[in-house]
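Participant: A single structure is presented below for examination.
The values are calculated or read from the model by the stated rules, or taken from the named source; none is laboratory data. This structure is a prediction, so every number in the text was calculated from the model and none was measured. With ideal geometry, Cβ positions are generated from the backbone for all residues, glycine too; neighbour counts draw on all protein chains shown.
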Amino acid sequence: MTENGHAASRRGVLRGALAAAGSALLTGCDRLSQTPAVVGVLSSVQHLSRAVHRGLVGPHAMAQEFGPEDIAPQFRSNGTLMPRDADYQAHLAAAFADYRLSIGGLVERPQAFTLAELRALPSRTQITRHDCVEGWSCIGKWTGVPLAHLLGMARPLPAARYVLFRCYDSMDAPAPGRDSRYYESIDLDEARHPQTLVAYDLNDRALPVSNGAPLRLRVERQLGYKHAKYLQSIELVERFDQLRGGKGGYWEDQGYEWYAGI
Ligand SMILES: Nc1nc2c(c(=O)[nH]1)N[C@H]1C(S)=C(S)[C@@H](COP(=O)(O)O)O[C@H]1N2
Ligand SMILES: [Mo]
């Protein structure tokens, strides 16, 4: 089988399994692990390469959106549920009054937004399914500013190729000289996709801490670990191979794929 054909059939299996799981268990957060094909595909962290995915679905394909009746009563949370880092704790204690989301790096016009300023910008609301590699999925309603809009304000320079998200939460106990804060990166196509949001609301309410308050990324065509919570700053970069483990994200540095297309 050709590379393309092989990937296409793998993708077909995943899509079919997700659809089956989705229609069998419509409400709440579902355990995809009941579906053997999904376990095989997700647990081995195999998914489509960027070139194959883009070739199959194109850079503009939309992730499926759902109806209000599909929203889980309680959106599941995973990974960090409460950052222990002192700077985050101080922002939380102040109800994020002094919080600013900065957008810098390779941009013409660096930006810094308060939460009120972000809420005053154009917004998008979408009901989507979050798929975690650990074998569960959950449907929630997200509202936020399209990242494309923020990039339009900041104006990436020609050299910019990736958008880097730095998060507040350290994944390991603090140790001198070791930065273990969560981080992620996506390319500019994914960043400018209409469903890619800097989200501030989940199910019509301000994001709970366990789901990433005050802001988190939604990047709906990618697996759960790409959806960075607890955003501290956004930076446009040309490359990320000299940053941290060099693979473009906290889990990527532990071996997960950088391109996690569903
Ligand atoms: N900052 C940060 N972002 C993160 C994580 C994390 O631990 N820290 N976990 C990731 C993983 S593996 C998943 S599945 C989702 C979980 O989002 P949720 O807690 O809203 O369900 O967040 C992703 N983003
Ligand atoms: Mo995840």
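Participant: Of all residues being outside any loop (DSSP other than H, G, I, E, B) and free of Cβ contacts under 8 Å to residues at least 60 places away in the same chain in segment 217-251, which is farthest from residue 92 (Cα to Cα)? Just the residue, please.
Facilitator: The first filter runs over segment 217-251 and keeps only residues outside any loop (DSSP other than H, G, I, E, B), leaving 217-219, 222, 224-226, 231-237.
Retained after the next criterion (residues that are free of Cβ contacts under 8 Å to residues at least 60 places away in the same chain): 219, 222, 226.
Values: 219: 25, 222: 28, 226: 23 Å.
Of everything passing the filter in segment 217-251, 222 is farthest from residue 92 (Cα to Cα).
Participant: From 216, 221, 205, 155, which residue is within 16 Å of ligand 2 (Cβ to nearest atom), charged (D, E, K, R) and out of contact with any Phe, Trp or Tyr (no Cβ under 9 Å at 6 or more places or on another chain)?
Facilitator: Values: 216 fails: out of contact with any Phe, Trp or Tyr (no Cβ under 9 Å at 6 or more places or on another chain); 205 fails: within 16 Å of ligand 2 (Cβ to nearest atom); 155 fails: within 16 Å of ligand 2 (Cβ to nearest atom).
Among 216, 221, 205, 155, only 221 is within 16 Å of ligand 2 (Cβ to nearest atom), charged (D, E, K, R) and out of contact with any Phe, Trp or Tyr (no Cβ under 9 Å at 6 or more places or on another chain).
Participant: For the subset of segment 158-198 comprising residues that are within 16 Å of ligand 2 (Cβ to nearest atom) and aliphatic (A, V, I, L, M), which member is surrounded by the fewest Cβ atoms within 10 Å (Cβ to Cβ)? Show your work before the answer.
Facilitator: Going through segment 158-198, the residues within 16 Å of ligand 2 (Cβ to nearest atom) turn out to be 165, 167, 169, 171, 182-184, 186.
Add one more test, that the residue is aliphatic (A, V, I, L, M), and what stays is 171, 186.
Working: 171: 16, 186: 25.
If we take residues in segment 158-198 being within 16 Å of ligand 2 (Cβ to nearest atom) and aliphatic (A, V, I, L, M), then 171 is surrounded by the fewest Cβ atoms within 10 Å (Cβ to Cβ).
Participant: Answer with yes or no whether residue 158 is assigned by TED's automatic domain parsing to the domain that holds residue 81 and either within 13 Å of ligand 1 (Cβ to nearest atom) or free of Cβ contacts under 8 Å to residues at least 40 places away in the same chain (or both).
Facilitator: On the way: assigned by TED's automatic domain parsing to the domain that holds residue 81: yes; either within 13 Å of ligand 1 (Cβ to nearest atom) or free of Cβ contacts under 8 Å to residues at least 40 places away in the same chain (or both): yes.
Yes; evaluated as a whole, the condition is true for this residue.
Participant: Which residue pairs have Cβ atoms under 6 Å apart, sit 6 or more places apart or on different chains, and have a first residue in segment 168-186 that is of a type in the set (Asp, Glu) and a second that is away from ligand 2 (no atom under 16 Å from the Cβ) and outside any strand (DSSP E or B)?
Facilitator: That search, which allows pairs on different chains as well, returns 169/83; 172/180.
Participant: Given the criteria within 16 Å of ligand 1 (Cβ to nearest atom), part of a loop (DSSP other than H, G, I, E, B), touching a residue at least 40 places away in the same chain (Cβ under 8 Å) and surrounded by 13 or more Cβ atoms within 10 Å (Cβ to Cβ), does residue 134 qualify? Spell out how you get there, then give the answer.
Facilitator: Values: within 16 Å of ligand 1 (Cβ to nearest atom): yes; part of a loop (DSSP other than H, G, I, E, B): yes; touching a residue at least 40 places away in the same chain (Cβ under 8 Å): yes; surrounded by 13 or more Cβ atoms within 10 Å (Cβ to Cβ): yes.
So residue 134 fits the description; yes.
Participant: Let me ask something else about it. In this structure, does residue 100 turn out to be in contact (Cβ under 8 Å) with a residue 12 or more places away in the chain, within 16 Å of ligand 2 (Cβ to nearest atom), of a type outside the set (Asp, Glu) and touching a Phe, Trp or Tyr at 6+ places or on another chain (Cβ under 9 Å)?
Facilitator: no
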